[in-house]
1. Considering only residues that are open to solvent by 30 Å² or more (accessible area, probe 1.4 Å) and either among the polar types (S, T, N, Q) or not in a helix (DSSP H, G or I) (or both), which ones fall in region 437-448?
2. Open to solvent by less than 40 Å² (accessible area, probe 1.4 Å) and either out of contact with any Asp or Glu (no Cβ under 8 Å at 6 or more places or on another chain) or at pLDDT 75 or above (or both), is that true of Glu146?
3. Just checking, does region 349-369 include any residue being farther than 24 Å from Arg402 by Cβ and in contact (Cβ under 8 Å) with a residue 40 or more places away in the chain?
4. Is it the case that region 262-271 has a residue that's surrounded by fewer than 20 Cβ atoms within 10 Å (Cβ to Cβ), closer than 19 Å to Val204 by Cα and not aromatic (Phe, Trp, Tyr)?
5. Tell me, yes or no, whether region 162-176 has at least one residue that is in contact with a Pro (Cβ under 6 Å, 6 or more places away or on another chain) and either modelled with pLDDT of 70 or more or open to solvent by 30 Å² or more (accessible area, probe 1.4 Å) (or both).
6. Do we find that Gly422 is at negative phi, touching a Phe, Trp or Tyr at 6+ places or on another chain (Cβ under 7 Å) and either in contact (Cβ under 8 Å) with a residue 24 or more places away in the chain or not in a loop (DSSP other than H, G, I, E, B) (or both) in this structure?
7. Of all strands (runs of 3 or more DSSP E) completely enclosed by region 264-372, which ones contain at least 1 residues that are within 15 Å of the chain's Cα centre (by Cα)?
8. Within region 194-252, can you find the residues that are within 19 Å of Ser272 (Cα to Cα) and at pLDDT below 85?
Amino acid sequence: MDPTPQSHPILAYVLSRLPSLPAVRTPRSPSLMPSSPRERDLEQQSPRTPSGPAEIDLVGRMPGLRHPSVLSAMTRAVADVASARDAIRVLGPRPDHEQVDASRALLAAAAAASGEKEEAAGEKEEVEKEEEEEKLAASREVVRLEEEHEAYGAMQREAEEKLESVYRMAMHGRDVGQEGGDGRNKGEEEEGPGGAVDEEVVRVLKEAEEGKTLERVDLADRQLRLLPDPVGRIRGLLALDVSRNQLKVVPDAIGGLEHLEELRLASNNLVSLPDSIGLLSNLKLLDVSGNRLRVLPDTISKCSSLVELDASYNALVYLPTGIGHELVHLQTLRVHLNKLRSLPSSVCEMRSLRLLDAHFNELRGLPAAIGSLSSLETLDLSSNFSDMRDLPPSIGDLAGLRDLDLSNNQIRALPDCFGRLGRLERLRLDQNPLAVPPPEVVAGGVDAVKAYMAARWEEAVAEEERRRASAAAAVDSPRGPSTPREWLTRSVSSLSTWVSDVTVKVVGQEAVEEEEFLQQQF
């Protein structure tokens, strides 16, 4: 996909002002024909002014984008992104995470059992071996496709980060060509992970070493760049808040806080979480919102006591496949403002879930079994834009649903079972091309929509009952068999009986033998 203002705002802005990027041949792209896009001068600027709220907001935050010299410097930094854009177009749709996980598991199992397969190869039918090889080949293709999407996606993300650096340098009058390849001054090095440890952190650790009981530690808003490993040795700690700092990593030692019930890591610079977070079996609240996370560790499902999980305002492209298998106590799940393309089917096992907020993602739909969330009261699926087009029929099983937001999507029809949502109190359907229910019904509010859809549901149920009754009547009809096979069977049976009677009258004692012969023939 091409960079969009939502996912790559600066890159999208710069590219939109170029006539074209040079066409680049990628390993998997077709050969470039003479009619392919020709090379163009990247220095040629488009005089177009910012259009749309996203661009206006971006220029408001980065006014230097209006300067031709700044934009010129930035265009030189995005030439390499052409290969990524072309490759992503050629690759096509990206497979969903559950499909990727299943393919990797199948390949791993096949690799582990390779020795046993060689011994049993001779015993298998040729057809079986071909089917197995086809499955493995399909799995390899899925994994390859995912890896290539990830690689080219990373190239676009790096381009976005490089543009930010180039912008800062250009605004300070520094020549990009004289700087290091990564956009920093030659003498400018990345600041160390910690620098001086904050005095408050030192005090907390000292008190812990002296044996003082610490149940709650608040280190929010302290510009921390490092969380020292000894924090993981404060055994009695119940709540730790390090929100609104500059942390880039969370130490593995965090897993040592076995009694921890609240962990707040919001508004930092985290790009990942340690696998050891799965050791926090007593954790009830985890807030990792406002970071740069692209994935959550699979071990997060081991935090079986979780009641609230907030992973909003990140860059998540998927949730762990098995996240719902063990989070049976989770009541609140916030994953809005991410890049999720789907929700794993295991989410449907979160039977205690009361609030699910997944607005402003790239969701294409919901798991088929979403109706299993019997405790769900609030569901926000708004602003998934052109990706969200349909709702599964099981949504009518959400008997406890009270608040539903479907605004700003591409939904054309609500399923008939929508009329079964008897407890629904708040409903938003604006900015959808709805045909069912019609606009005049939607304008009447939630009660009008519920009444309209309830009538459609009753009509659908009645039609189904009529269809079943008709099918049952056809089976029990006294008109006799209707298919050719049934007619032939009945005719042969009748003829056999008639011939048997005639044989008895004419031949007498030889009737039994003749009858058996005729029965065999017929």
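1. Ala443, Gly444
2. Details: open to solvent by less than 40 Å² (accessible area, probe 1.4 Å): yes; either out of contact with any Asp or Glu (no Cβ under 8 Å at 6 or more places or on another chain) or at pLDDT 75 or above (or both): yes.
The answer is yes for Glu146.
3. Going residue by residue through region 349-369, those that are farther than 24 Å from Arg402 by Cβ are 362, 364.
Now drop any that are not in contact (Cβ under 8 Å) with a residue 40 or more places away in the chain, which leaves none.
There is no residue in region 349-369 that is farther than 24 Å from Arg402 by Cβ and in contact (Cβ under 8 Å) with a residue 40 or more places away in the chain.
4. The answer is yes; a qualifying residue exists.
5. Here is the first cut: in region 162-176, the residues in contact with a Pro (Cβ under 6 Å, 6 or more places away or on another chain) are none.
Taking every residue of region 162-176 in turn, none turns out to be in contact with a Pro (Cβ under 6 Å, 6 or more places away or on another chain) and either modelled with pLDDT of 70 or more or open to solvent by 30 Å² or more (accessible area, probe 1.4 Å) (or both).
6. Criteria not met by Gly422.
7. Details: elements: 285-287, 308-310, 332-334, 355-357.
Because the criterion is at least 1 residues that are within 15 Å of the chain's Cα centre (by Cα), the strands (runs of 3 or more DSSP E) in region 264-372 that meet it are 332-334, 355-357.
8. Once the filter is applied, which keeps residues that are within 19 Å of Ser272 (Cα to Cα) and at pLDDT below 85, region 194-252 yields only Gly194.
The values are calculated or read from the model by the stated rules, or taken from the named source; none is laboratory data. Since the model is a prediction, treat every value here as computed from it, not as a measurement. Every residue, glycine among them, receives a Cβ derived from its backbone with ideal geometry; neighbour counts consider all protein chains shown. All accessible areas refer to the heavy atoms of the entire protein, side chains included, with ligands and DNA or RNA removed. Shrake-Rupley method; radii C 1.70, N 1.55, O 1.52, S 1.80 Å.
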